[in-house]
1. Relative contact order (percent) for the chain, with alpha-carbon contacts under 8 angstrom and 6 or more residues of separation?
2. Using a 1.4 angstrom probe on the protein heavy atoms only, line up Leu53, Leu78, Leu72 by accessible area, largest first.
3. Under 13 Å from the Cβ of Ile138, count the other residues' Cβ atoms, weight Lys and Arg +1, Asp and Glu -1, and hand me the total.
4. Do me a favour and compute the ellipsoid semi-axes for region 88-136 from its Cα gyration tensor, root of five times each eigenvalue, largest one first, whole Å.
5. Counting Lys and Arg as +1 and Asp and Glu as -1, what is the net charge of the other residues whose Cβ lies under 13 Å from the Cβ of Arg107?
6. Can you pull the accessible area of Phe125 for me, 1.4 Å probe, Å² to the nearest 10?
7. If we count every other residue with Cβ under 15 angstrom of Phe34's Cβ, Lys/Arg +1 and Asp/Glu -1, where does the sum land?
8. Taking the Cα-to-Cβ direction at Gln105 and at Asn2 and moving 7 Å from each Cα, how far apart do the two end points lie in nm?
Amino acid sequence: MNQAQDLKVVNYCPPTAIKDNASFVTNTIDTAGFGKIAIYFTLGATDIAMTALKVQESDDSGMSGAADISGLVYGTSLNPETGTTSALPSASDGGKVFAFYISLQGRKRYLDVVATAGDGSTGTFGSGVAFLYNGDGINTAAERGLGGNLIK
């Protein structure tokens with residue numbers, strides 16, 4: 001069995017129309033049954049820096065009482081590779097992917113990504129997927145969060 005078959009894919013921010021001075025619509029991620037998550041936010045064309053890119057957590061699926069997770073806020077958190085403060089995606093970051101790697105031990109069950117485009121002349125294209133892993137066993141396409149899968 002391919003190890004990637006043990007991942008659950010969550011399309012938390014499907015591709016949508018360009019955003020200008022607005023937040024992307026994101027879906028809450030239910031982490032029940034998994035030990036770790038990798039969250040990716042992909043930028044398309046952009047002409048302005050983002051004003052927010054962070055992960056929040058809550059005990060409620062509707063994200064009531066959501067709170068930022070310390071260390072998972074671009075623009076304020078430490079970049080482990082450089083030892084400096086991370087930067088929000090800028091106008092020159094089109095085509096780049098920004099990641100969050102999270103151990104779910106001790107975390108609240110529900111996560112959400114806050115991604116807000118700045119106020120530019122055109123705006124920002126963006127989308128996001130998350131991969132849940134270290135879980136209880138996944139055997140079907142539906143359990144993997146997929147519409148279908150082919151295995152050889």
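The values are calculated or read from the model by the stated rules, or taken from the named source; none is laboratory data. In this text the structure is predicted, and so the values were computed from the model without any measurement. Methodologically, a virtual Cβ is constructed for each residue, glycine included, from the backbone with ideal geometry; neighbour enumeration extends over all protein chains shown. Just so you know, the surface numbers come from the protein's heavy atoms only, side chains and all, with ligands and any DNA or RNA stripped out. Shrake-Rupley method; radii C 1.70, N 1.55, O 1.52, S 1.80 Å.
1. Over the chain, the number comes to 46 percent.
2. The ordering from most to least exposed comes out as Leu78, Leu72, Leu53.
3. Spelling it out: positives minus negatives among the neighbours equals -1.
4. Ellipsoid semi-axes (Å, largest first): 29, 12, 9.
5. After counting each charged neighbour, the total is -2.
6. Spelled out: Phe125, probe radius 1.4 Å, area about 90 Å².
7. That works out to +1.
8. Placing both labels 7 Å along Cα→Cβ, they lie 3.0 nm apart.
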